[in-house]
Every structure is written in C-alpha cells, then in structure tokens.
Amino acid sequence: MASNRKLPLAAGLVLVVTLIAIGCATSPLGRRQLVLFPDADMAVMGAQAFDQMKTQVPLSENASTNAYVDCVAQAVTAALDGPRSNRAWEVLVFDDESANAFALPGSKIGVHTGLLEVAVDQNQLATVIGHEVAHVLSRHSNERVSTGTAAQLGMVAVQEALSANVPSAAAQQTMALLGLGAQVGIILPFSRTQESEADLVGLDLMARAGFDPQASVQLWRNMARHAQAKQSEAGGAPPEFMSTHPSHGTRIANLEKRVPEARKLYEAARAQGRRPRCSP
Ligand SMILES: [Zn+2]
C-alpha cells in the first residue's frame, strides 16, 4: 500500500518539474509568461473549439464576403515567419451581427459578418485579424489556461480534449477556455496586458503583410463609436476588443506611438511586392 501511494506522488513531482521546465516562455514583446501546454495540444483544442463553433453559429453564404475576408486573412497570415509561416489557416465567416472576430491555436480564424460594418476596408479588417492572430502568436490562450484558477480546470479540459471521445460538455469547456462563449456572439476578453500586446504585435504583423498601419487608428475610433452605440442598446454584447481596458483613448495613443515603426515594415513589404488588394 505504502509503495503504491509513493508512486503517484513521485509521478506527480516529475510532472510538476516537467511543467515548470516547459512553462517558462517569453511573449513576442519579451514579457515573461507561464505557458504549461505544448503548442500541439493547444492546436488540438483550438480545432475542436472551432468545430464546435461551426455547429452553433451559421456560416455566411455570401460568396463575395467570404472571398474578401479570406483574401485579407490569408495575406495577414502569409506574413508570419518561423514555423508558422507555411501553415494553411482555415478562415470562416460566421453570420452573426456582433462586431467580433477571433483566432484560435491550430490556425483557425473566425470573422463575424457584423465586424464588416465597423472594419470598413481591407486595412481596418487586417487590423482586427492581425490583433486576433497576435493573441495566438503570443500564446495568450495557453497563458490563460495555465495560470490562476483556470490552471487545474485547464489540465482536465486539455486531457479531455485530447482523449478520442469528446463529450459535448468538455467541448463547451474547451471553447470557454479559448475565449469563446457558449452563447452566440459572446467572446471572452483577454487580460489588459494581453490586449495591449495583441494590439502592438498585430500592428507589426498587418504592416508586414502590406496593409497600412495608420488604418488601425481609424479602426479603433470606429470601434469606440460602435461600442458607445451598443452600450445604449440593452443586452448588446461588447466586441472582444472593447470588453477590456485599455480605454479607447489609451489604446489609440499607444497605437499612434507605434505607427511610425510599423510604417517602415509596411513600406518594406510594399517594396517587396506585398500589396494586397482585397475588396469588400
Ligand atoms: Zn483581443
């Protein structure tokens, strides 16, 4: 009996030590972060959450809308470097009036039709998609699943998600951990730090793809106006990017500070022939 008890304890210690060893990472902006899960596990979870989303939200059947969103998303993800550079991203347009978008580990992007009322041209749409892809690049879901009270829940959810037979309750939990609410249109916010990071990493990414980084400022102004209008409507779900502070003013000021640097990336990309032409 005694030796039986010691064995799981020893195994547990090995697990903890292993997790600490793989848990230290740095974000693209050099921030230290705790990420406990291998990227491959997060990718499996992301793919599952995306599949679940497909069963819950209707897809847009408008061919030109789909082509437009795909054009922008593929151009943005084509600017990724490193091991993510030649991965194909699955891009879907969900027929949902909330001004939202999301990206998931496992190379998945979802855009709501309502976003296109706020992000009114390719550069503004690239701002949002860049921001969402930046959350994935920066392993923000992994960080959320790895820290605080979510950590233990995360362990269980990852184990369940990775087992062959996924009950729908586990799939729902996976969605929630990755920031997708069970209710249509609800996208859970990341932390303020993660949002600021996604803004800046996303700005560089869209600029490297040949989209004009100056458009990010107008996009967030549009968003601020949209959020204000929504707030006066009862029960309107806040867009993901609007649901956490930084306040609109701070966010726009931080972006404006970064635009001159991003502009250099943009001009270099244009010179290399990266000139996306996606029309709504
Ligand atoms: Zn965000």
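So which residues in the range 104-118 are assigned to a loop (DSSP other than H, G, I, E, B) and either acidic (Asp, Glu) or closer than 18 Å to residue 179 by Cα (or both)? Selection gives 105, 106, 107. Could you tell me whether the range 66-77 includes any residue that is farther than 22 Å from residue 123 by Cα and aliphatic (A, V, I, L, M)? No, the range 66-77 has no match at all.
Being under 14 Å from the mean Cα position of the chain (by Cα), surrounded by 24 or more Cβ atoms within 10 Å (Cβ to Cβ), among the polar types (S, T, N, Q) and farther than 23 Å from residue 57 by Cα is a condition met by at least one residue of the range 121-130.
Evaluating residue 278 against the criteria (1) within 16 Å of the ligand (Cβ to nearest atom); (2) among the hydrophobic types (A, V, I, L, M, F, W, C); (3) modelled with pLDDT of 95 or more leaves one unmet condition, (1). Just give me the residues in the range 67-86 being surrounded by fewer than 20 Cβ atoms within 10 Å (Cβ to Cβ) and touching a strand residue (DSSP E or B) at 6+ places or on another chain (Cβ under 8 Å), in sequence order. Matches in the range 67-86: 70, 74.
Can you find even one residue in the range 115-126 that is small (Gly, Ala, Ser) and closer than 24 Å to residue 259 by Cβ? Yes, there is a match, as at least one residue in the range 115-126 is small (Gly, Ala, Ser) and closer than 24 Å to residue 259 by Cβ.
Selection of strands (runs of 3 or more DSSP E) fully inside the range 1-103 by the criterion of at least 3 residues being under 25 Å from residue 142 (Cβ atoms) and modelled with pLDDT under 95 returns 24-26, 32-34.
Listed by first and then second residue, the pairs with beta-carbon distance under 7 Å, at least 6 apart or on different chains, first residue in the range 180-200 and on the phi < 0 side of the Ramachandran plot and among the basic types (Lys, Arg), second more than 10 Å from the ligand (Cβ to nearest atom) and at pLDDT below 80, are 192/245; 192/246. Can you tell me which residue in the range 206-245 is farthest from the chain's Cα centre (by Cα), limited to those that are modelled with pLDDT of 75 or more and of a type in the set (S, T, N, Q)? That would be 228. Among the residues of the range 87-111, the one identified as crowded, with 24+ Cβ neighbours inside 10 Å, more than 13 Å from the chain's Cα centre (by Cα) and touching a residue at least 40 places away in the same chain (Cβ under 8 Å) is 99.
The values are calculated or read from the model by the stated rules, or taken from the named source; none is laboratory data. Everything quoted here is computed from the prediction, not taken from an experiment. Every residue, glycine among them, receives a Cβ derived from its backbone with ideal geometry; neighbour counts consider all protein chains shown.
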